[in-house]
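Okay, structure first, notes after.
The values are calculated or read from the model by the stated rules, or taken from the named source; none is laboratory data. Given the structure is predicted, the values throughout are model-derived calculations rather than measurements. For neighbour counting, all protein chains shown are included, and Cβ atoms are generated from backbone atoms with ideal geometry for every residue, glycine included. Please note that ligands, DNA and RNA were not included when accessible areas were found on the heavy atoms of the full protein model with its side chains. Shrake-Rupley method; radii C 1.70, N 1.55, O 1.52, S 1.80 Å.
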Amino acid sequence: MTKTRIVYLVEQQPERRQHFETVLTFIGETVEVISPSDTLKLSAADALCVIAGNGVGNLHELAGNSPQLPFICASDGQNSALQQANVIGPLEESFDYSSLSNMLHYCQAYHQQMPVKPARKRHPGSGKLEQTLVGNGRTMKHVRQLIEQVAVTDANVLVLGESGTGKEVVARGIHDLSERSKGPFVPVNCGAIPGDLLESELFGHEKGAFTGAIGARKGRFELAQGGTLFLDEIGDMPMPMQVKLLRVLQERTFERVGGNKSIIADVRVVAATHRELEQMIIDGKFREDLYYRLNVFPIEVPALRERQEDVPLLLQELTQRFKKERGVGVRFTERALESLSYHRWPGNVRELTNLIERLTIMHPDSLVDVPDLPPKYQHVEHNAPTPDYPEEMLEREALSAIFNEADEDEVAPAGDSELPDDGVNLKDMLTEIETGMIAQALEKSDWVVAKAAELLSMRRTTLVEKMKKYGIQKD
């Protein structure tokens, strides 16, 4: 919990000091009377401000020695001190509640917006939160900050965001950083359970409560005792069930279906939805009173298209996760990362995760470039690599394909023929076979060189060179 800062009062006149204490206590501030010398010992983490009245002496020097603290000038003859940034006022002799409240609010802003703040003590689970909610952008940092702030309380939380943004990850983060982390985390998808079964699923049932209830069964509220209950897709909950949930949130007790024994709901509720609940209230599809019960502390998870700068970091984290869990991963070229950064990601982080899994199957432990991405993720111009192979290797592969085809057609290849006694000119013989096959391929493809090259399993440029070499042309 956040520690309450103290308003320190330096005032020598008893009546005025009593007036300050009365007003400050009335508006809910913690006040402590100190001497001028004690101000040098004050810490910005403990003090909200110092109200300097009569008996302060040289306020200009005092405030200059404590720039981390705001001072409220409440005495005459201190006009020179008002020129300093951390001194506000003056507070009139007959000050009222409104003027003092405005100055205290300024002091609060002085602490919150201070350019150089003392290092905030991090929650032990903050590192894990950064690994699960990946992102260095302002929006994700704000989400993680909200999680850390609300986790230490027991307030109901409503997580909002599109499908696939990681709303359950947020709910688990709240649970892990809370004092309920040793208790269970129980998720329920309200949209996946039929309405007539949802009550039994949440609250449990007694034996014989309905047909098929052959024994007593605990519901999710009981299973989550001492922990967190995550109600996903709360917008899909039927209206009759919304009434019963509202009663539990109000009274913190429930009964099993078919039972009459009240059970205390020692449960922290985190709900989530991708729907516009306020519009559903207008349409009469969601109860307004339940909305305000759940919406105590809203956290909106941004869509991935709204934080494109986090895509490379997410890719790195997800590929490392796949490598650790499944033993296989992928790497990306700079052009591939650039292409993915232009994608709009309608499926958000879930879509990105599915893409990584697909690429690990298609290109395991390989370097992925733009042509290796599925077509809808190719948002930058690219040229597919066309390696050059030695001509001798291409000729050998082409001849091998020719002779293999001859074997399949049960035609004896030249290699099986008996060598004449006077020998042969192998080069001329291979040239004759090659030119004959090129001519056949060109005839079959109506002299479309690209198609003929495919039939011969060679590149088009190689075939053109051979046609020039052997003088092959259409009559």
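The lone criterion from (1) surrounded by 15 or more Cβ atoms within 10 Å (Cβ to Cβ); (2) in the same structural domain as Gly258 (by the TED database); (3) out of contact with any helix residue (DSSP H, G or I) (no Cβ under 7 Å at 6 or more places or on another chain); (4) farther than 18 Å from Leu158 by Cα left unmet by Arg172 is number (4). Within region 429-454, being open to solvent by 90 Å² or more (accessible area, probe 1.4 Å) and farther than 21 Å from Pro390 by Cβ holds for Glu432, Gln440, Glu443, Lys444, Asp446, Lys451. Condition check for Val186 on (1) in contact with a helix residue (DSSP H, G or I) (Cβ under 6 Å, 6 or more places away or on another chain); (2) open to solvent by 30 Å² or more (accessible area, probe 1.4 Å): one failure, at (2).
Run down Leu197, Leu158, Leu177 and say which single residue is closer than 23 Å to Val349 by Cα and either free of Cβ contacts under 8 Å to residues at least 40 places away in the same chain or touching a strand residue (DSSP E or B) at 6+ places or on another chain (Cβ under 6 Å) (or both). Just one listed residue meets the conditions, Leu158.
Screening Ala192 against (1) out of contact with any helix residue (DSSP H, G or I) (no Cβ under 8 Å at 6 or more places or on another chain); (2) open to solvent by less than 60 Å² (accessible area, probe 1.4 Å); (3) of a type outside the set (Asp, Glu) leaves a single unmet condition, (2). Scanning region 59-75 for residues that are open to solvent by less than 60 Å² (accessible area, probe 1.4 Å) and either of a type outside the set (S, T, N, Q) or under 21 Å from Gln108 (Cβ atoms) (or both) yields Leu59, Leu62, Ala63, Gly64, Ser66, Gln68, Leu69, Pro70, Phe71, Ile72, Cys73, Ala74. Condition test on Leu314, is it under 19 Å from His379 (Cβ atoms), open to solvent by less than 60 Å² (accessible area, probe 1.4 Å) and either in contact with a Ser or Thr (Cβ under 8 Å, 6 or more places away or on another chain) or outside the structural domain of Thr153 (by the TED database) (or both)? Against the criterion (under 19 Å from His379 (Cβ atoms), open to solvent by less than 60 Å² (accessible area, probe 1.4 Å) and either in contact with a Ser or Thr (Cβ under 8 Å, 6 or more places away or on another chain) or outside the structural domain of Thr153 (by the TED database) (or both)), Leu314 qualifies. Considering only residues in region 337-365 that are open to solvent by less than 90 Å² (accessible area, probe 1.4 Å) and of a type in the set (D, E, K, R), the one that is nearest to Val380 (Cα to Cα) turns out to be Glu338. In this structure, Ser181 does not satisfy being assigned to a helix (DSSP H, G or I), hydroxyl-bearing (Ser, Thr, Tyr) and assigned by the TED database to the domain that holds Leu294. Is at least one residue of region 279-290 without any contact (Cβ under 8 Å) to a residue 12 or more places away in the chain, of a type in the set (Val, Ile, Thr) and more than 30 Å from His363 (Cβ to Cβ)? Yes: region 279-290 contains one or more residues that are without any contact (Cβ under 8 Å) to a residue 12 or more places away in the chain, of a type in the set (Val, Ile, Thr) and more than 30 Å from His363 (Cβ to Cβ).
Modelled with pLDDT of 90 or more, of a type in the set (Lys, Arg) and open to solvent by 10 Å² or more (accessible area, probe 1.4 Å): does that describe Arg268? No, not satisfied. Given the criteria surrounded by fewer than 22 Cβ atoms within 10 Å (Cβ to Cβ), at pLDDT 90 or above, of a type in the set (Gly, Ala, Ser) and closer than 19 Å to Leu245 by Cβ, does Ala155 qualify? In short, yes.
Scanning region 28-56 for residues that are open to solvent by less than 20 Å² (accessible area, probe 1.4 Å) and at pLDDT 80 or above yields Ala47, Leu48, Cys49, Val50, Ile51, Ala52. Could you please find all residues in region 237-265 being open to solvent by 60 Å² or more (accessible area, probe 1.4 Å) and touching a residue at least 24 places away in the same chain (Cβ under 8 Å)? Listed by number, the residues that qualify are Met239, Pro240, Val243, Lys244, Gln250, Gly258. The residues of region 317-336 that are out of contact with any helix residue (DSSP H, G or I) (no Cβ under 6 Å at 6 or more places or on another chain) and open to solvent by 60 Å² or more (accessible area, probe 1.4 Å), listed by number, are Gln320, Arg321, Lys323, Lys324, Glu325, Arg326, Arg331, Glu334. Residue selection: Ile234 fails the criterion of being closer than 20 Å to Leu290 by Cβ, without any contact (Cβ under 8 Å) to a residue 24 or more places away in the chain, of a type in the set (A, V, I, L, M, F, W, C) and in the same structural domain as Met280 (by the TED database).
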